[in-house]
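Engineer: Okay, handing you the structure first.
The values are calculated or read from the model by the stated rules, or taken from the named source; none is laboratory data. Everything quoted here is computed from the prediction, not taken from an experiment. Ideal geometry is used to build each Cβ from the backbone, glycine not excepted, and the neighbour counts take in all protein chains shown. Areas reflect the complete protein model, heavy atoms only, side chains present, ligands, DNA and RNA absent. Shrake-Rupley method; radii C 1.70, N 1.55, O 1.52, S 1.80 Å.
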Amino acid sequence: MSDTPAAGRRGWLDGDSILVTGGGSGLGRALTDRFVEEGARVTVVDHDPDKLAVLEKDHGTDTVRAVHGDVTSLEDLRAAVATAEEAFGGLDTLVPNAGIWDYHRTLTRLGEDDPTAAFDELFHVNVLGYLLAAQAAWKSLVASRGSIVFTLSNASFWPNGGGPLYTASKHAGLGLMRELAYELAPKVRVNAVAPGGMRTDLRGPASLDLGGRSISRSFDKAAARGGSAPMVPLYESTTEPEDFTGPYVLLASRRDSGNVTGTVVPVDGGIAVRGFATPAGGADL
Ligand SMILES: NC(=O)c1ccc[n+]([C@@H]2O[C@H](COP(=O)([O-])OP(=O)(O)OC[C@H]3O[C@@H](n4cnc5c(N)ncnc54)[C@H](O)[C@@H]3O)[C@@H](O)[C@H]2O)c1
């Protein structure tokens, strides 16, 4: 990318129509704001009507359409795709993003409880929700020669980004992205961004009684303790969701990523280049 969009363009995604699942808060909301800033019009599907009301009030319906729906419902996702087509003339990019976390509920902490209900709930949102979004959108994306950008996670590659339920679901998301990249080529590109920890409203499964808990509390507690120990090389980097949006713009851009499919951009502070004793040489600077 050069420093500025081409002459006459308002942003890198000028005129594009983008559908974001889970755009009511956190990363999805930050992505919606960023895509609008880049000249796109955005349809958001989310199951929280209060968050959607704020979103539409902030942006207005000329640029953002909110669809109340659940990502585990193919019907709701089809309605969201139809809204994008009717309101904004088609669909250029799909961002399957709505997810829930397991709050590091390890195998041993699951105790004697049967994890089947929590597994079903988490996999329905984090994996089936992505598959159904792709199923609802692929014909529109073929028509536009568009693309899909999944939100994955450091837990798609490494342990301890959650417990076994979340880690398995995000590994499954990686496999799904790769399979769809193969199946939908050459007309639709499929890629992913894998963020590390962000201060969002990420919730847990209701079946583990974690539906009301927000990951933002963990960040607030760590800040109150004076910050957490450096675990990644770029430990001074921000955890605000808006600072994770750039790679989505890059991957959605036909001009800049036209030859890119089946790949993941990790935005995790450098987990892959941790050392054994200190986070990185930079720790001594
Ligand atoms: N927060 C982190 O530290 C972190 C790290 C890596 C990856 N992620 C991933 O980022 C993505 C976005 O999560 P976030 O952290 O922004 O959390 P968030 O809770 O702030 O945003 C998720 C949004 O999805 C919506 N949602 C949840 N379940 C839904 C459903 N069944 N149907 C429709 N909408 C639903 C919520 O209402 C919310 O608006 C998730 O896939 C998550 O796994 C988060």
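Engineer: Working only within segment 44-71, note down all residues that are more than 12 Å from the ligand (Cβ to nearest atom), assigned to a helix (DSSP H, G or I) and open to solvent by less than 30 Å² (accessible area, probe 1.4 Å).
Structural biologist: The answer is none; no residue qualifies.
Engineer: Could you identify the single residue in Leu250, Leu234 that is touching a Gly at 6+ places or on another chain (Cβ under 6 Å) and either closer than 30 Å to Asp114 by Cα or open to solvent by 30 Å² or more (accessible area, probe 1.4 Å) (or both)?
Structural biologist: The match here is Leu234.
Engineer: Something else now. Restricted to segment 165-199, and to residues that are surrounded by fewer than 19 Cβ atoms within 10 Å (Cβ to Cβ) and in contact (Cβ under 8 Å) with a residue 60 or more places away in the chain, which residue is farthest from the ligand (Cβ to nearest atom)?
Structural biologist: Ala185
Engineer: Name, by its number, the condition in (1) without any contact (Cβ under 8 Å) to a residue 12 or more places away in the chain; (2) touching a Lys or Arg at 6+ places or on another chain (Cβ under 6 Å); (3) not β-branched (Val, Ile, Thr) that does not hold for Ser153.
Structural biologist: Among (1) without any contact (Cβ under 8 Å) to a residue 12 or more places away in the chain; (2) touching a Lys or Arg at 6+ places or on another chain (Cβ under 6 Å); (3) not β-branched (Val, Ile, Thr), Ser153 violates only (1).
Engineer: Quick one: is Ala280 open to solvent by less than 40 Å² (accessible area, probe 1.4 Å) and in contact with a Pro (Cβ under 6 Å, 6 or more places away or on another chain)?
Structural biologist: yes
Engineer: Now for a separate question. Of the residues Gly211, Gly204, only one is crowded, with 20+ Cβ neighbours inside 10 Å and either touching a Gly at 6+ places or on another chain (Cβ under 8 Å) or modelled with pLDDT of 95 or more (or both); which?
Structural biologist: Of Gly211, Gly204, the one residue that is crowded, with 20+ Cβ neighbours inside 10 Å and either touching a Gly at 6+ places or on another chain (Cβ under 8 Å) or modelled with pLDDT of 95 or more (or both) is Gly204.
Engineer: Out of everything in segment 73-89 that is open to solvent by less than 50 Å² (accessible area, probe 1.4 Å) and not small (Gly, Ala, Ser), what residue ends up being farthest from the ligand (Cβ to nearest atom)?
Structural biologist: Residue satisfying both the conditions and the ranking: Phe88.
Engineer: Here's another thing I want to ask about it. Would you mind stating whether Gly11 is part of a loop (DSSP other than H, G, I, E, B), more than 26 Å from Arg203 (Cα to Cα) and either open to solvent by less than 30 Å² (accessible area, probe 1.4 Å) or in contact with a His (Cβ under 6 Å, 6 or more places away or on another chain) (or both)?
Structural biologist: yes
Engineer: Next up: In this structure, is Gly23 near the ligand (Cβ under 9 Å from one of its atoms), open to solvent by less than 10 Å² (accessible area, probe 1.4 Å) and touching a residue at least 24 places away in the same chain (Cβ under 8 Å)?
Structural biologist: The answer is yes for Gly23.
Engineer: If you take the residues of segment 106-163 that are away from the ligand (no atom under 16 Å from the Cβ) and part of a helix (DSSP H, G or I), which of them is least open to solvent (accessible area, probe 1.4 Å)?
Structural biologist: Here the residue is Leu141.
Engineer: Sticking with this one: Here are the criteria: (1) more than 20 Å from the chain's Cα centre (by Cα); (2) under 22 Å from Ala192 (Cβ atoms). Tell me which single one Ala82 does not satisfy.
Structural biologist: (2)
Engineer: So is Ala40 away from the ligand (no atom under 16 Å from the Cβ) and either touching a strand residue (DSSP E or B) at 6+ places or on another chain (Cβ under 6 Å) or modelled with pLDDT of 95 or more (or both) or not?
Structural biologist: Yes: the conditions hold for Ala40.
Engineer: Tally time: how many residues in segment 90-104 are open to solvent by 10 Å² or more (accessible area, probe 1.4 Å) and either more than 10 Å from the ligand (Cβ to nearest atom) or at positive phi (or both)?
Structural biologist: Residues that pass the stated criteria total 4.
Engineer: If Glu236 satisfies every condition in (1) touching a residue at least 40 places away in the same chain (Cβ under 8 Å); (2) in contact with a Pro (Cβ under 9 Å, 6 or more places away or on another chain); (3) in a loop (DSSP other than H, G, I, E, B) but one, which is the exception?
Structural biologist: (1)
Engineer: Quick one: which of Ser216, Ser257, Ser237 is within 11 Å of the ligand (Cβ to nearest atom) and of a type in the set (S, T, N, Q)?
Structural biologist: Ser216
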